1. Residues of the range 152-167 being in contact (Cβ under 8 Å) with a residue 12 or more places away in the chain and closer than 15 Å to P131 by Cα, which ones?
2. So, of the residues in the range 112-146 that are of a type in the set (A, V, I, L, M) and over 26 Å from G44 (Cβ atoms), which turns out to be surrounded by the fewest Cβ atoms within 10 Å (Cβ to Cβ)?
3. Hey, can you tell me all the residues within the range 134-163 that are within 17 Å of the chain's Cα centre (by Cα) and either under 17 Å from R203 (Cβ atoms) or outside any strand (DSSP E or B) (or both)?
4. Return yes or no: is G123 at pLDDT below 85 and on the phi > 0 side of the Ramachandran plot?
5. Can you name the residue in the range 78-111 that is in a loop (DSSP other than H, G, I, E, B), among the aliphatic types (A, V, I, L, M) and out of contact with any Lys or Arg (no Cβ under 6 Å at 6 or more places or on another chain) and, of all such residues, is surrounded by the most Cβ atoms within 10 Å (Cβ to Cβ)?
6. If I go through the range 43-77 residue by residue, how many of them are without any contact (Cβ under 8 Å) to a residue 60 or more places away in the chain, charged (D, E, K, R), surrounded by 15 or more Cβ atoms within 10 Å (Cβ to Cβ) and not in a loop (DSSP other than H, G, I, E, B)?
7. Hey, I84 hits all of (1) closer than 23 Å to R16 by Cα; (2) in contact with a strand residue (DSSP E or B) (Cβ under 9 Å, 6 or more places away or on another chain) but one; which does it fall short on?
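The values are calculated or read from the model by the stated rules, or taken from the named source; none is laboratory data. The shown structure was predicted, so the numbers you read here are calculated from the model rather than taken from an experiment. So basically every Cβ, Gly included, is an ideal-geometry build from the backbone, and we count neighbours across all protein chains shown.
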Amino acid sequence: MSIRAIETSYAGHRFRSRLEARWAVFFDKIGIRWEYEPQGYAVGPDGGRKPYLPDFWLPKEKLWVEVKGSEEQLDVELLFHAVIPHYGLPNPAGPQLINEHQVRLLILGPIGRADSLVHSTTGEHAGYSQPAHTVLTFRKGDVFQGMACFFAGGIDITPEGGLVGNDGPYIDWEGRGTRWGNWVGGGGLISEDRDEAAHAAYRAARSARFEHGQTP
């Protein structure tokens, strides 16, 4: 039996799911400007193009965002095709390039936990842990899975990661769950005190309540 998503209103938008609304709360709290479902596109090779409506566009980061409650809900082939520039999603503001990688698509799952760390010996504050998220990039005909972490007002992206296919198109799906998918809650990044805003944003998004109006 499938679980039906709950449509949720927030910031003047009607979100298809409460999870999407929570990520909008997160973006607002951390200071990232967002647009919700601005436009749909047909993606994929000629003869096999499919409609795709990305969940968010982040103008400053030049990054599309897909939100899914679980990895099993990901349409891997569709997202893979969306990442390939010559038949995927456009770059409305021009490509974001990091180490020759075009950073194309950020995949977000359930809102992860972000915790304060305590030194095991001294008991003193030792920084923070936060989730790492999947980002898909394109470089010289190949698609890679990298890592993205949030900080105050932006995203720290490491584009180098596992090779998941090429523009043949060939998709390596055998690594699903390790090299491909939602890394939310997996691993974890020890960040500095200056990144406390990210942890406050995770807490706000996790605890947001929408039942009594648009203000969480």
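1. Let us first name the residues in the range 152-167 that are in contact (Cβ under 8 Å) with a residue 12 or more places away in the chain, namely 152-155, 157-167.
Those that are in contact (Cβ under 8 Å) with a residue 12 or more places away in the chain and closer than 15 Å to P131 by Cα: A152, G154, I155, I157, T158.
2. Step one: list which residues in the range 112-146 are of a type in the set (A, V, I, L, M), which gives 114, 117-118, 126, 132, 135-136, 143.
After this cut, where a residue has to be over 26 Å from G44 (Cβ atoms) as well, the list is 114, 117-118, 126, 132.
Values: A114: 23, L117: 14, V118: 12, A126: 15, A132: 21.
Out of the qualifying residues, it is V118.
3. C149, F150, F151, A152, G153, listed by residue number.
4. Values: at pLDDT below 85: yes; on the phi > 0 side of the Ramachandran plot: yes.
So G123 passes the test.
5. So the first thing to find is which residues in the range 78-111 are in a loop (DSSP other than H, G, I, E, B), and the list is 84-96, 99-100, 109-111.
Checking which are among the aliphatic types (A, V, I, L, M) leaves us with 84, 89, 93, 111.
Next, only the ones that are out of contact with any Lys or Arg (no Cβ under 6 Å at 6 or more places or on another chain) stay: 84, 89.
Details: I84: 24, L89: 20.
Residue satisfying both the conditions and the ranking: I84.
6. 1
7. (1)
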